[in-house]
Amino acid sequence: MIKPLVFICWLNLLVSPGFTQSESAKDKIYDSLEEAMKVHPDSVFHIDLSGKRLTELPSQVLAFKNLISLDLSKNKLTSLPDSMLFKHIEVLNLTKNKLTVFPSVICQQTTLKQLFLGKNKLEALPSCIGQLTELIILDAWFNLIAELPEDMSSLKKLRTLDLRGMNYSEDQQKKWQALIPWVKIEYDVGCDCGL
């Protein structure tokens, strides 16, 4: 009778939240740098600094080399430092910032799968975006993008491109769909607006 009771207690330990600490640590999202800096930098995989009124990327973020996701949305960023290099990053959220030029350092984040750039003031996507060959989602809604670079054709894993909030002629939409026919491109209703 004692053996089954010991087994049940052991089983309860296995399924308790504290027992799988290493797995939950990998899923933990740090919403402040102060909190993230209390643990070893190599054990921080997700940081959410959204809505912090940041005007530049805090240098402390660069210490977290194993980042998988970084949320910098709803800030006041106008650029990113050239030293921002993460070998494992898959998700980068820069939605609702003040970017007018696409930060070229993003093109070096070749593990990116999801890139969110909506509601900035970007006028173009650079040709180096073709280096992001793991990209699945590119969200660039409500910018000032007038043209897509030919290098977008290198993004064979891309499945979704959001270009809503910008007016494009039906001819432009057809041209871009022909450039990347495997991608679902989301537009507002086409217009004959001379773009």
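The values are calculated or read from the model by the stated rules, or taken from the named source; none is laboratory data. Worth saying up front: this structure is predicted, and the values here are computed from it rather than measured. For neighbour counting, all protein chains shown are included, and Cβ atoms are generated from backbone atoms with ideal geometry for every residue, glycine included.
Results, tabulated for the structure shown:
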| item | result |
| --- | --- |
| Residue satisfying condition, being under 14 Å from the mean Cα position of the chain (by Cα) and among the hydrophobic types (A, V, I, L, M, F, W, C), within set Leu148, Leu144, Leu155, Leu138 | Leu138 |
| Test: residue in segment 158-180 that is surrounded by 14 or more Cβ atoms within 10 Å (Cβ to Cβ), out of contact with any helix residue (DSSP H, G or I) (no Cβ under 8 Å at 6 or more places or on another chain), at pLDDT below 95 and in a strand (DSSP E or B) | yes |
| Those residues of segment 142-152 which are under 16 Å from Gln172 (Cβ atoms) and free of Cβ contacts under 8 Å to residues at least 40 places away in the same chain, in sequence order | Asn143, Leu144, Ile145, Glu147, Leu148, Pro149, Glu150, Met152 |
| Residue among Leu132, Leu148, Leu155, Leu94 that is within 26 Å of Asp31 (Cα to Cα), surrounded by 16 or more Cβ atoms within 10 Å (Cβ to Cβ) and modelled with pLDDT of 95 or more | Leu94 |
